[in-house]
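The values are calculated or read from the model by the stated rules, or taken from the named source; none is laboratory data. Note that this is a predicted model, so its numbers are computed, not measured. Here the Cβ positions follow ideal geometry from the backbone for every residue, glycine too, while neighbour counts run over all protein chains shown. SASA here: full protein model, heavy atoms, side chains in, ligands and nucleic acids out. Shrake-Rupley method; radii C 1.70, N 1.55, O 1.52, S 1.80 Å.
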Amino acid sequence: MPDSQHVLRIEQLRQQLNEHNHKYYVLDQPSISDAEYDQLFRELQALEQAYPELLTVDSPTQRVGAEPSGAFAEVRHQVPMLSLANGFTPEEIQSFHNRIVKLLELDEQQQVELVAEPKLDGLAISLLYQHGQLVRAATRGDGQRGEDVTANVRTIRAVPLKLRGDNIPDELEVRGEVYMPRSGFDVFNQTAEARGVKPLINPRNGAAGSLRQLDSSITASRPLAIYAYSLVIDQNLLPTTHAEVLMQLRAWGLPVSPLVKTVQGSDGCLQYYADIGSQRAQLDYDIDGVVYKVNRLDWQDELGFVSRAPRWAIAHKFAAEEQVTTLEAIEIQVGRTGSLTPVARLKPVFVGGVTVTNATLHNQDEIRRKDVRIGDQVIVRRAGDVIPEVVRSLPERRQQNLLEYQMPTVCPECGSPAEREQDEAVLRCTGGLICPAQRKRSLEHFAARGAMDIEGLGSKLIAQLVDQSLVMSPADLYRLDLSTLSNLERMAEKSAQNLLDELEKSRHTTMARFLFALGIREVGEVTANDLAREFGGIERLRSATVEELEAIDGIGPIVAQRVHQFFGNLQNLEIVDALLAAGIEWPKPQQPDNSAQPLAGNTYVLTGTLEAFSRNVAKQRLEALGAKVTGSVSGKTTAVIAGGDPGSKVAKAEKLGVDVLDETDLQILLGSE
Ligand code: JCF
């Protein structure tokens, strides 16, 4: 028999768990860790198992799913679940607003107040609460009749089984969108294989499929969430605006989108649409547009419906991000470093707001995985500003047998053998600078804005220069003269002179730009900066060992290897020499005069956990005294300063005969301030 202590503890645990669910799902402000939550949860589970007579249907433990229940029962919606009219263009949104102004017989200039919210790409759901308890959940179905998915919805922790707060009508229906957060989807798929379950296709499919499970313990294992967006209750109990309805839902413990906003007129709508559009890629869920609703509920009533959609609301959709089109050909693009990338030539298709004719296919493995063949119908995706890509083919639509695509064995531009490096997915042309395509890409990179910034030297001009053998390497650019340039196609003397002026200007650069312009693999602008800062001149960099390179903050083993390789190649050295001979120069770095500082000339490496401060703070304080602090140990390191649990760096220091100091020594060093 349970005693009153057990009853109390059970009640307390339920309250705490409900509170933490609410903080986590509704307020988005968890106050305990997952492990602590689990502990409370298990304690409650154990008590309920020991005293089954104390189990209630609204206990937080009752979200784990039940045995298969057979087919879903049909639910008749008391009030039909609406669909929304769609609009795509600003004009459609303006006429939506104009129509409202007209029907309400408002002043033509009046801006109607609307509530705007993101439109989730999930599954519409109805939640019926009686006396504050969730008693039924149903899908939208055809709007009139849906399916009873109560057992499944009860497993969604974001759905309160019991409403909070007060003024709860005896009966109320909440409507909202069930969705699968992208983060949850990613985790689910990353761990799917290890758990022996099939990965989900996409979050939307994941959400819809999860609610249609006959075994709700499967639903319980899926990361689902919900945003509520409307309330069906007795007319007399409703507040006066939609915004107040949403606040009421929130107060009862239902998650409402934090991005809901009241806006004025169609201008306000369009501004909101642009704002949400720019946040779209960062959101943790898929949306396919935004929804605008007239805020005043009496005006909603007055406006009423046409066919099945309300006149007081509209969905402003984003351009579809996926479309089907025909793959007409596959071409091979040769990159600066010889990478051979298959590119799909597509029948032009309007997707993600632009017309797309090319899309990347990445590499052979991807082509095979997506089963893409020339002549196929394919799904093309362009999301945000991302490069369009072919998602997969639709093999079920193949009219005839199509051949599997084979990547070429030689470079299509120069005929050199194509090879795959170990552990790499990409095929590369082995022609190096013999390959005109690699040469063109290298020159384009050399002239680019962050590099030598040679205005007017675009890809068309570079193609001409390379094809006519006027330019073989970047150094040849500085040997071009006016008559050669003026003889080129579409090149007047004026623009030829402009280009010569630009080339002249580009001679005076910085070492970082020059290094970046060389196109050393793995050396982007940031790394080029790091290298320039450390070495100041090209001479020392040229002869640097992999070890010395690795000792630089921000330079890892792969980059160090690449830089070393680059300067070990005779052809590259000739080009660098020729460029320097052509007059490329940069200001010598001003060595800050820190010789007066106590730790000037010393280089330290910090490792392990320090007690008094973080490694970052220690680094700053050492640097303030004129010391250098780097990431890895070399013969030039003055000392390694090791905190608790140091890594391999101490061993390396000992091997190299470099001093190892502890935190007390560090304090003394810093004390010399
Ligand atoms: O987020 C949605 N998909 C969504 C759908 C949001 C809403 O406010 C909706 C909706 C469907 C109908 N409102 C209605 C009336």
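Quick notes on this structure:
- In segment 158-177, the residue that is nearest to the ligand (Cβ to nearest atom) out of those that are open to solvent by 30 Å² or more (accessible area, probe 1.4 Å), in contact with a strand residue (DSSP E or B) (Cβ under 7 Å, 6 or more places away or on another chain) and touching a residue at least 60 places away in the same chain (Cβ under 8 Å) is Glu171.
- Some residue of segment 61-72 being at pLDDT below 90 and either within 26 Å of Ile287 (Cα to Cα) or within 16 Å of the ligand (Cβ to nearest atom) (or both): no
- Residue in segment 73-91 that is farthest from the ligand (Cβ to nearest atom), counting only those that are touching a strand residue (DSSP E or B) at 6+ places or on another chain (Cβ under 8 Å), open to solvent by 70 Å² or more (accessible area, probe 1.4 Å) and more than 28 Å from Asp148 (Cβ to Cβ): Phe88
- Single match in Tyr285, Tyr227 (criterion: within 12 Å of the ligand (Cβ to nearest atom), touching an Asp or Glu at 6+ places or on another chain (Cβ under 6 Å) and of a type in the set (Ser, Thr, Tyr)): Tyr227
- So Glu108, is it away from the ligand (no atom under 16 Å from the Cβ), out of contact with any Asp or Glu (no Cβ under 9 Å at 6 or more places or on another chain) and modelled with pLDDT under 95: yes
- Scanning segment 104-157 for residues that are over 27 Å from Met247 (Cβ atoms) and open to solvent by 20 Å² or more (accessible area, probe 1.4 Å) yields Glu105, Asp107, Glu108, Gln109, Gly141, Asp142, Gln144, Arg145, Glu147, Asp148, Ala151.
- Leading residue by the ranking (most open to solvent (accessible area, probe 1.4 Å)) among those in segment 454-488 that are under 26 Å from Gly431 (Cβ atoms) and of a type in the set (Asp, Glu): Asp467
- Close pairs (7 angstrom Cβ cut-off, 6 or more residues apart or separate chains): without any contact (Cβ under 8 Å) to a residue 12 or more places away in the chain in segment 101-112, loosely packed, with under 13 Cβ neighbours inside 10 Å anywhere: Val101/Glu108
- Only one of Ser210, Ser183 that is modelled with pLDDT of 90 or more and surrounded by 18 or more Cβ atoms within 10 Å (Cβ to Cβ): Ser210
- Filter result (near the ligand (Cβ under 10 Å from one of its atoms) and either in a loop (DSSP other than H, G, I, E, B) or buried (at least 21 other Cβ atoms within 10 Å of the Cβ) (or both)) within segment 294-312: Trp312
- Applying the criterion of at least 2 residues that are within 22 Å of Pro160 (Cα to Cα) to the helices (runs of 4 or more DSSP H) found wholly in segment 181-292 leaves 182-195, 203-211, 216-220, 242-251.
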